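Below is one structure, written out as structure tokens, with a few remarks after it.
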Amino acid sequence: MGQDSPPTPAGGLVGLKEIMGAYKQAGVDIDAKMRALELMRDSVATTHGPAALSGIGHFGGFFSLAEPGAPSYQQVGNYDAPVLVSSADSVGTKIKLAILLNRHDTVGQDIVNHCVNDILVCGAFPLFFLDYIAVGKMDSEQVATVVGGLAQACRAAGCALVGGETAELPGLYRIGDYDLAGFIVGMVEKQRILNGASVADGDVALGLPSNGLHTNGYSLARRALGLDGDEQQARATLNLHDPELGGTMADALLATHRSYLPELRPILDAAASDAAAPQVKALAHITGGGLVDNVPRVLPPGVAVQFTQAAWAVPPIFKLIQQRGGVASEEMYRVFNMGIGMVIIATTDDAARLQAVLPEARVIGKVVQRPSADAPQVEIV
């Protein structure tokens with residue numbers, strides 16, 4: 001004899017509460033996700049101008065390139081040959097420190113600024129941004145704090161946060177863990193694309209300072225600084241005032257990835273509209289791989305750049321990592337930005353004019369002929 005079938009609820013859905021309870025017990029809380037969406041809705045809306053045609057919650061984000069009232073750089077009509085430029089990246093293991101310290105308000109800014117810089121070096125200005133947040137267990141307030149940081153950086157960049165995905169993935173991430181990735185789309189006039197093709201022997205390399213590690217090298221930094229062991233001891237170390245740093249290690253390591261858009265957008269705009277304005281030949285965002293691997297990405301084959309280490313001050317956090325971890329200088333310059341977050345290449349005359357409007361810029365290197373195809377394109381002396 002078979003068992004009786006469960007009663008059907010008035011609405012006709014069999015065991016709905018039981019089903020949803022089972023999903024929650026399996027580690028996915030849909031109600032918590034919906035609460036996170038409500039908590040982030042207002043901050044996301046603050047990034048929307050007239051070109052962003054939809055709020056969060058739809059199946060896709062809408063962004064108009066022909067919307068009255070949008071800034072001129074978002075209008076296809078202001079371009080002869082508009083080119084879309086896209087990029088994607090993540091915050092990397094810097095998130096482990098944010099989780100350890102329960103400080104989630106800066107990592108969202110990190111990923112937006114990282115992506116903004118990546119398209120900026122192509123000459124593009126940001127249009128819209130999407131995020132991907134994956135969690136082990138949904139913490140609505142935590143996720144909303146992360147998205148608040150995303151929104152803050154998007155507002156500063158004039159970039160619409162048009163959507164994204166928040167995924168609860170029990171079994172793949174531990175409870176309390178999360179990951180964060182970002183996706184950006186910008187636009188540039190085809191003739192104004194920066195690709196470094198005109199970089200030549202005799203040009204000058206200027207450097208703009210970083211805020212610290214930005215979003216690269218944290219796996220080595222944590223190991224070197226002894227932060228991968230007991231979590232309570234790691235927190236105590238991070239929160240202790242360090243005289244070498246002039247503050248706490250936590251503040252130094254979680255310093256926000258700097259956006260160079262505010263300084264460089266006026267320069268690129270002026271160069272596009274006035275041939276007499278100082279021209280930028282190439283820009284390089286110094287991320288993972290440091291000066292050694294990132295600068296060659298914008299150099300033609302026949303040239304190299306010689307950087308002079310003494311031309312800028314290396315921030316104390318890098319010196320601390322090198323000293324405590326016993327890391328060779330060559331590896332430090334291959335892993336970290338070492339205090340230079342953006343490199344600008346220009347003629348000698350234009351470099352001097354650029355320094356007049358970029359007080360932080362320092363001459364840190366020169367472009368030379370590359371002796372052979374096998375010779376490195378970056379030398380640090």
What are the residues in the range 242-261 that are aliphatic (A, V, I, L, M) and in a loop (DSSP other than H, G, I, E, B), if any? 245, 254, 255
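Please state which one of 295, 327, 363 is aliphatic (A, V, I, L, M), part of a loop (DSSP other than H, G, I, E, B) and either modelled with pLDDT of 95 or more or closer than 30 Å to residue 93 by Cα (or both).
327
For the range 45-55, which residues satisfy the criterion of being in contact (Cβ under 8 Å) with a residue 24 or more places away in the chain and not in a loop (DSSP other than H, G, I, E, B)?
Residues of the range 45-55 that are in contact (Cβ under 8 Å) with a residue 24 or more places away in the chain, as a first pass: 46-49, 51-52, 54.
If the condition is that a residue be in contact (Cβ under 8 Å) with a residue 24 or more places away in the chain and not in a loop (DSSP other than H, G, I, E, B), then 52 is the only one that fits.
Being under 30 Å from residue 228 (Cα atoms), in a helix (DSSP H, G or I) and of a type outside the set (Val, Ile, Thr) is the filter here; which residues of the range 56-101 pass it? Before you say what the answer is, go through the steps one by one.
Narrowing the range 56-101 to residues under 30 Å from residue 228 (Cα atoms): 88-101.
Keeping just the survivors that are in a helix (DSSP H, G or I) gives 94-101.
Across the range 56-101, the qualifying residues are 94, 96, 97, 98, 100, 101.
The rows are residues; the columns are (1) polar (S, T, N, Q); (2) open to solvent by less than 40 Å² (accessible area, probe 1.4 Å); (3) without any contact (Cβ under 8 Å) to a residue 12 or more places away in the chain; (4) under 19 Å from residue 115 (Cβ atoms).
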{"site": "43", "(1), (2), (3), (4)": "yes, yes, no, yes"}
{"site": "78", "(1), (2), (3), (4)": "yes, no, yes, no"}
{"site": "84", "(1), (2), (3), (4)": "no, no, no, yes"}
{"site": "93", "(1), (2), (3), (4)": "yes, no, no, yes"}
What are the residue pairs meeting all of these: first residue in the range 174-198, first residue over 25 Å from residue 305 (Cα atoms), second residue of a type in the set (D, E, K, R) and open to solvent by 80 Å² or more (accessible area, probe 1.4 Å), Cβ atoms under 7 Å, and 6 or more apart or on different chains? 175/137; 189/80
From the residues in the range 162-182 that are outside any strand (DSSP E or B) and not small (Gly, Ala, Ser), which one is farthest from residue 145 (Cα to Cα)? 172
Report yes if residue 157 is touching a residue at least 60 places away in the same chain (Cβ under 8 Å), surrounded by 18 or more Cβ atoms within 10 Å (Cβ to Cβ), under 23 Å from residue 71 (Cβ atoms) and touching a helix residue (DSSP H, G or I) at 6+ places or on another chain (Cβ under 6 Å), otherwise no. yes
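The values are calculated or read from the model by the stated rules, or taken from the named source; none is laboratory data. What you are looking at is a predicted structure, and each value in this text was computed from that prediction instead of being measured. We place every Cβ from the backbone using ideal geometry, glycine too, and count neighbours over all the protein chains shown. Remember, those area values only see protein heavy atoms, side chains included, never the ligands or the DNA or RNA. Shrake-Rupley method; radii C 1.70, N 1.55, O 1.52, S 1.80 Å.
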